[in-house]
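Please treat every number below as a calculation from the coordinates, not as lab data. What you see is a predicted model, and the numbers here were worked out from it, not measured in a lab. Cβ: placed from backbone, ideal geometry, glycine included. Neighbour counts: every protein chain shown.
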Amino acid sequence: MTVAEIALIVAVWGVIAWAVAVRLGPLVRRHQPTEPPAYAAFTQPPAGARWLRCDTTACGHMTTLHTPQPSGAYGCTGCGHTAGAGA
Ligand SMILES: [Zn+2]
């Protein structure tokens with residue numbers, strides 16, 4: 001086997017290794033850890049606010065933050081619907 005033949009075999013295997021790395025690279029990198037998500041900043045809820053169920057379709061009967069109203073009721077911060085005492 002001549003030096004030229006050995007160089008040709010090494011070159012061919014180099015091309016094959018490069019092609020496999022290009023093909024399999026995304027599959028291997030898919031399982032690497034990603035950057036952690038940014039966390040939301042904590043904000044203090046308004047004084048006297050309560051988490052109450054909101055029975056409107058806008059809020060979908062979910063528990064939302066309600067703030068005290070002058071009438072004594074609690075207003076939903078999601079849709080404005082009032083609930084609770086005096087609503
Ligand atoms: Zn609501």
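Tabulated data
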{"read-out": "Options 17, 75, 38, ranked by Cα towards positive dipole end of the chain, top entry (Cβ charges)", "value": "75"}
{"read-out": "Relative contact order (percent, whole number), the chain, Cα cutoff 8 Å, 6+ residue spacing", "value": "15"}
{"read-out": "Charge dipole (debye, nearest 20) of the chain; +1 at Cβ of Lys and Arg, -1 at Cβ of Asp and Glu", "value": "140"}
{"read-out": "Helix axis angle, 3-29 relative to the chain longest principal axis, alpha carbon, degrees", "value": "10"}
{"read-out": "Packing rank of 76-83, 51-58, 19-26, where each peptide gets the mean count of other beta carbons within 10 Å, highest leading", "value": "76-83, 51-58, 19-26"}
{"read-out": "Mean Cβ neighbour count within 10 Å, used as a protection proxy, ranking 68-75, 5-12, 36-43 highest first", "value": "68-75, 5-12, 36-43"}
{"read-out": "222 nm mean residue ellipticity, helices alone, for the chain (DSSP H n ≥ 4; -39,500 (n - 2.57); rounded to 500)", "value": "-11000 deg cm²/dmol"}
